[in-house]
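Colleague: This is the structure I have questions about; it appears just below.
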Amino acid sequence: MRTFFRFILFLFSGTLCFAQDTTLPTGNCTAYLASGKTIRDIRLWKINGKTLEYQKNESLHDIPIDEIDHIQYRKDEFVFSDSGSLNKVLYDGIITSGGDTINCFIKEIGQVYLRYTLPGQTEALFIYRSETRGYTLKGEPEEVFPTMPIDPKFDFYELGKRDGKKEFKGNGSLAGGMVCGVIPVLGWLVGPITMAVPPNLAPSKKIFYNNPEYRKGYKQAAHVKKVRRTFGGMIAGVAVVLLLLL
């Protein structure tokens, strides 16, 4: 009889060892690795210390949890804590005027707009406050915006200048200016011509670019930055030529 109970205990413990951890998401998941790779259609099995065991194609595999950026299960996102537990990411939410909720990560709550990113993406998106009813932060109670149109006194021109100066890098203008600077006469003539040409623009706040004041400020600031970068590159190029001649 004692041997029988030992056998039953052995079978029970073996079942526990190979059983799936029911506290983990039970459906098909996608693991996004820190390296940028993805492992799709997996079922999370259990966490063994610093290793995640998962099932794919009817066989078990394991991967160190520090190689995993996050795990997507349906519309939910999970990340590992420092202690090794798998926790659901709490999203922010933007409630539109129509009552829909955009699950996202709110990056900025401005006077005129909200800037946010969608789960699993890095591109910044924007929405007018006038198109929203309110927002929630990490599951907290809803914060309701007062219903109001965009403030007509809001300075879109200054906002455009700030964004144009920040977003236009001008690295190509700097390099082009250096090339013009090291070519005597011809390059020194071409440099000012390139400065006069406005830069190609790709503003991140596309919804504001339709506003004429914003567009004017953005273009002006980007152009000024292009002129300064090109001129700085030319000065550096001329300095190189003078050093070589001396």
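The values are calculated or read from the model by the stated rules, or taken from the named source; none is laboratory data. Bear in mind the structure is a predicted one, so any value in this text is a computation, not a measurement. Backbone-built Cβ (ideal geometry, glycine too); neighbour counts: all protein chains shown.
Residue-by-condition table, conditions (1) in the same structural domain as residue 118 (by TED's automatic domain parsing); (2) within 30 Å of the chain's Cα centre (by Cα); (3) over 22 Å from residue 120 (Cβ atoms); (4) at pLDDT 90 or above:
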{"site": "6", "(1), (2), (3), (4)": "no, no, yes, no"}
{"site": "9", "(1), (2), (3), (4)": "no, no, yes, no"}
{"site": "21", "(1), (2), (3), (4)": "no, no, yes, no"}
{"site": "31", "(1), (2), (3), (4)": "no, yes, no, yes"}
{"site": "36", "(1), (2), (3), (4)": "no, yes, no, no"}
{"site": "42", "(1), (2), (3), (4)": "no, yes, no, yes"}
{"site": "52", "(1), (2), (3), (4)": "no, yes, no, yes"}
{"site": "63", "(1), (2), (3), (4)": "no, yes, no, yes"}
{"site": "75", "(1), (2), (3), (4)": "no, yes, no, no"}
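Colleague: Can you confirm whether residue 99 is touching a strand residue (DSSP E or B) at 6+ places or on another chain (Cβ under 8 Å), more than 20 Å from residue 30 (Cβ to Cβ), among the small types (Gly, Ala, Ser) and surrounded by 13 or more Cβ atoms within 10 Å (Cβ to Cβ)? Lay out the reasoning, then the answer.
Modeller: Numbers: touching a strand residue (DSSP E or B) at 6+ places or on another chain (Cβ under 8 Å): yes; more than 20 Å from residue 30 (Cβ to Cβ): yes; among the small types (Gly, Ala, Ser): yes; surrounded by 13 or more Cβ atoms within 10 Å (Cβ to Cβ): no.
It is false that residue 99 is touching a strand residue (DSSP E or B) at 6+ places or on another chain (Cβ under 8 Å), more than 20 Å from residue 30 (Cβ to Cβ), among the small types (Gly, Ala, Ser) and surrounded by 13 or more Cβ atoms within 10 Å (Cβ to Cβ).
Colleague: Right, something else. Would you point out the residue of the range 102-139, among those that are assigned to a strand (DSSP E or B) and either among the aliphatic types (A, V, I, L, M) or assigned by TED's automatic domain parsing to the domain that holds residue 214 (or both), that is surrounded by the most Cβ atoms within 10 Å (Cβ to Cβ)?
Modeller: First pass over the range 102-139, keeping only residues assigned to a strand (DSSP E or B): 102-109, 113-117, 125-128, 132-136.
Remaining after also requiring either among the aliphatic types (A, V, I, L, M) or assigned by TED's automatic domain parsing to the domain that holds residue 214 (or both): 102, 106, 109, 114, 125, 127.
Values: 102: 18, 106: 18, 109: 16, 114: 22, 125: 19, 127: 16.
Applying the filter and picking the extreme gives 114.
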